[in-house]
1. Which is closer than 27 Å to Gln269 by Cβ, in a helix (DSSP H, G or I), more than 22 Å from the chain's Cα centre (by Cα) and in the same structural domain as Leu244 (by TED's automatic domain parsing), of Glu194, Glu217?
2. I'd like to know if the range 311-322 contains one or more residues that are among the hydroxyl-bearing types (Ser, Thr, Tyr) and in contact with a helix residue (DSSP H, G or I) (Cβ under 8 Å, 6 or more places away or on another chain).
3. Cβ-Cβ below 9 Å, separation at least six or inter-chain, first residue in the range 271-289 and without any contact (Cβ under 8 Å) to a residue 24 or more places away in the chain, second outside any loop (DSSP other than H, G, I, E, B) and charged (D, E, K, R): which pairs?
4. Among the residues of the range 238-263, write down those that are touching a residue at least 40 places away in the same chain (Cβ under 8 Å) and either β-branched (Val, Ile, Thr) or closer than 17 Å to Lys301 by Cα (or both).
5. Take the conditions of a type in the set (D, E, K, R), crowded, with 20+ Cβ neighbours inside 10 Å and not in a loop (DSSP other than H, G, I, E, B) and apply them to Arg358. Does it pass?
6. When Thr266 is evaluated against the numbered criteria (1) among the hydroxyl-bearing types (Ser, Thr, Tyr); (2) surrounded by fewer than 19 Cβ atoms within 10 Å (Cβ to Cβ); (3) in contact (Cβ under 8 Å) with a residue 12 or more places away in the chain, which criterion, by number, is the only one it fails?
7. Looking only at the range 205-220, decide whether some residue is surrounded by 16 or more Cβ atoms within 10 Å (Cβ to Cβ) and among the acidic types (Asp, Glu).
8. If you scan the range 171-191, which residues turn out to be closer than 30 Å to His350 by Cα and not in a helix (DSSP H, G or I)?
Amino acid sequence: MSKIKEVIKRNGTFVPFNPDRIMNAIYRAVVAVGGRDKNTAKELADKVEIELESRVPEGFKPNIEEIQDVVEKVLIESGHAQVAKQYILYREEQKQKRESNAEQGSRSADKVPWEKIWHILDWSVDHELNTIEKINEKINAGKFSEIVRLSEDLYERDVDRAAEFILSKSKNLKMVFISGPSSSGKTTTTIKLEQRLKKHGLSFVTLNVDHYFFDLELHPKDEFGDYDFETPQALDLALINEHLRKLSAGEMVRIPSYDFKEGKRTLDQTPMQIKGNEIILIDSLHGLYPQFSEGIDNDLKFKLYLEPLLQIKGPGKKYVQWTDIRLMRRMLRDSVHRAYNPQQTLEHWHYVRSSEIRHIIPYSNSADYIISSGMPYELALYRARLLDRFEEWVEKFKDNPLKEDAYRRAARALKVLQAVRPVEDDSAVPKDSVLREFIGGSVFEY
């Protein structure tokens, strides 16, 4: 039994010592350099625990930094220099994230071209939809349907513009990537783009990259032991890249098949080959990630990025954060379409956010076009559906050091929702709206 019972978090609270967290952190670094050896990660984690115990008396409580220092030492002394480098880089990224207070939205905004953000802000100001207070005034005046119409028109024009850009490149185009962080509206936007482009004679073949997941047992885990499906390292990027190169050259490949119930992948299953007039359509979180399509000429691909780029000031004149919008969307979608408890969505959002900050958002400025899927009216609908739950979560997690992230997000979202005038009747929302992907009632099948 370990001599170490508790560790000290950076905020000074004590939490139980869990050696599995050390193993998970090492394994993530192993995966980052192309490895999938969990046994080695476990052996290294055991060495870290032994090293820690040799340094401290019975009952000593090391802090997080002391543990991480030992991890680095063990990795280097064990001859795993590349893994150590990845671990050190990740540690430094986390430090910078804390110091820059990335959760205030600055990191996301810094990556998205300011021209796009300014366009959304300018539109919001012109239509007096740039503050929760102004939106509430319109709702109180019976103008909710008008807000819906204006918001939907802006989004549809964005989709039209994206379709025009794709058509302008269609002569050489072989693949279209539709990317963006979780719950940004990729599925609905993909359907709408395909509808528009088919009218111009373009034919599409969908490549479902979910079939390229590694077996579940080979997935990296987060610090709480949850399997991380959000990281690009959960996908067989080398095989995706190989298949895309062959498909774009007109060759046939055999797509693998992934069984989510069993967490197992079977290789060489479904034959796929594109004809001269066909374009591969790929809806993926990581479509802009460089390793996803490296080695493929840029003229052959079009990269689209989605994000709800709302420019709305809420309580304290602070802008509503895009990540909070998407969190609420995913809570509703998971409960409607996946029978998934919204509380689980909240508790797992920390690794969703961590992965998108590292692997998705930094590449948004490499997109050929950016669509904003944000709707100024959506917060009013979310208040009616989620306010009670957020009140419950704030109370439940406020004194739990292991749920600090969930508490902070819940408290911030609750403050926003409390300021919004609720709307329960969603009949004004079109049945083909991108929001129907999350609130239900869509004409599309997801």
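1. Criteria check complete, one pass: Glu194.
2. No: the range 311-322 contains no residue that is among the hydroxyl-bearing types (Ser, Thr, Tyr) and in contact with a helix residue (DSSP H, G or I) (Cβ under 8 Å, 6 or more places away or on another chain).
3. Final answer for the pair search is Pro271/Arg254.
4. Selection gives Ile240, Asn241, Leu244, Arg245, Leu247, Ser248, Ile255.
5. no
6. In the conditions (1) among the hydroxyl-bearing types (Ser, Thr, Tyr); (2) surrounded by fewer than 19 Cβ atoms within 10 Å (Cβ to Cβ); (3) in contact (Cβ under 8 Å) with a residue 12 or more places away in the chain, Thr266 misses (3) alone.
7. No: the range 205-220 contains no residue that is surrounded by 16 or more Cβ atoms within 10 Å (Cβ to Cβ) and among the acidic types (Asp, Glu).
8. Val176, Phe177, Ile178, Ser179, Gly180, Pro181, Ser182, Ser183, Ser184, Gly185
The values are calculated or read from the model by the stated rules, or taken from the named source; none is laboratory data. Given the structure is predicted, the values throughout are model-derived calculations rather than measurements. A quick note on method: Cβ atoms are made from the backbone with ideal geometry, for glycine too, and the neighbour counts reach across all protein chains shown.
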